[in-house]
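S.K.: Please see the structure below; I have some questions.
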Amino acid sequence: MAAVDISKLRVDDIVVAVMGPTGCGKSNLIDTLTPLPRAQKRASDGLASYTKDVRAVRVLHHVEYGDRLVLVDTPGFNDTERSDMEILEIIGDWLRKTYRGAIKLAGIIYLHRITDNRMAGSPMRNLRMFGELCGDRAAHKVVLVTTMWDKIEQSPGEKRESELEYRYFKELLRRGALLMRFNNTYRAAWDIIEAIIAENEKEAVLIQEELVELGHRLNETSAGKALYNQLQNLLSEQKRVVVELTQLAKIQNNKKLASEMHLEYKRIQKEFESSFGAISKLKISLGRRLVLLLGKKSRARSLSLVHESSGHVASPAYL
């Protein structure tokens, strides 16, 4: 397996993007596809993000595909060191450059931990952004992969898988996506790759069409707009928590508690400033909104895989 720069990609390459939240097993899946010694493995054993940027690696000397298979490891939208805005910029820039070079994706592997007993927080954010990035036309090139089956009993795992299938993955599956399991074996990893390659068709994802064919700016894409709305909701929640902390501090006469609340207040204020800055970058001016309204529309449509109600994300537990 060898790292590959965008400029080294070929039109006949089989390019497969691997996406999902931090810690879902993206790097582990890629490692498993080539039997490297432990010292050369790329995956992290912890929850911190290993993948800082988009990293493309070429699988070498495969008996059937030769050197044409390229696996693209992407950072999750819950990255431990970068904001969602930075992650969107990184992924969007890579997809734009490859599409301009006539490189289309052969498929996308989207990973989800079967050990997550609630569809909330980072899994929810990542799935929402994936639907906006991918769009409906590329859905049939998606393989939804559940990971970490070795860390859960079979029965609850199957119940969670069923909930994912009929609730959260429903729209993707209805448009031709596949649902598979990864049990950390070489054969399972290649079964996933071969399921993508079997269709023998390449497809642009929605954000590529928006950025290149329509000439949209990143904040004008479906993914950019979704992130804007997500940050607006987060900003409102942060404001609410700050107000509550301030009120609680006034009525408490506990120095230790007051000190803890002060630290929490400072942490939330820092997040608030970060969110506010990202919102400013994503805001679309009135003039640009008029241009977009009258301009050419994309053939693909975004997929609303996760719905919000009254500004809050619904996050039912699935057993």
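Derivation of every value follows stated rules applied to the coordinates shown; laboratory data play no part. What you see is a predicted model, and the numbers here were worked out from it, not measured in a lab. With ideal geometry, Cβ positions are generated from the backbone for all residues, glycine too; neighbour counts draw on all protein chains shown.
S.K.: Round to the nearest 0.05 the FRET efficiency obtained for ARG267 and GLN247 when R0 = 22 Å and r is the Cβ-Cβ distance.
M.R.: Numbers: r = 18 Å, r/R0 = 0.80.
For ARG267 and GLN247, the calculated efficiency is 0.80.
S.K.: What distance in nm lies between label points placed 7 Å from Cα along the C-beta direction at LEU294 and HIS62?
M.R.: That separation, rounded to one decimal, is 4.8 nm.
S.K.: Would you mind checking the pairs LYS26/LYS151; LYS8/LYS97; LYS239/LYS266; LYS8/LYS225; LYS104/LYS225 and listing those with alpha carbons more than 22 angstrom apart? Intermediate results must be reported in sequence, preceding the final value.
M.R.: Numbers: LYS26/LYS151 16 Å; LYS8/LYS97 12 Å; LYS239/LYS266 12 Å; LYS8/LYS225 32 Å; LYS104/LYS225 24 Å.
Violating the 22 Å limit, Cα to Cα: LYS8/LYS225; LYS104/LYS225.
S.K.: Quick one: which of 205-218, 180-193 comes out on top by average Cβ neighbours within 10 Å, and what's the full order, highest first?
M.R.: On the way: 205-218: 20.3, 180-193: 15.5.
Result, highest mean Cβ count within 10 Å first: 205-218, 180-193.
S.K.: Compare the peptides 296-302, 145-151, 133-139 by average per-residue count of other Cβ atoms within 10 angstrom and give them in order, highest first.
M.R.: Ranked from most to least packed, the peptides come out as 133-139, 145-151, 296-302.
S.K.: Could you tell me which of rounded, prolate or oblate describes the stretch 183-234, using a ≥ b ≥ c as the square roots of the eigenvalues of the alpha-carbon gyration tensor, with rounded for a/c under 1.5 and, failing that, prolate when a/b is larger than b/c and oblate otherwise? Display every interim value, and only then the final one.
M.R.: Values: a/c = 5.48, a/b = 1.77, b/c = 3.10.
Verdict is oblate for the stretch 183-234.
S.K.: Further question on the same structure: Given the Cα-Cα distance of ARG118 and ARG96 and 0.36 nm per residue of separation, how much length would full extension add, in nm?
M.R.: Details: separation 22, 0.36 × 22 = 7.92 nm, distance 3.33 nm.
The span from ARG118 to ARG96 would gain 4.6 nm if fully extended.
S.K.: So, one more: Decide, for the stretch 2-212, between rounded, prolate and oblate: order the square roots of the alpha carbon gyration tensor eigenvalues as a ≥ b ≥ c, take rounded if a/c falls under 1.5, and otherwise choose prolate if a/b is larger than b/c, else oblate.
M.R.: Details: a/c = 1.33, a/b = 1.19, b/c = 1.12.
It is rounded, given that a/c, with a ≥ b ≥ c, falls under 1.5.
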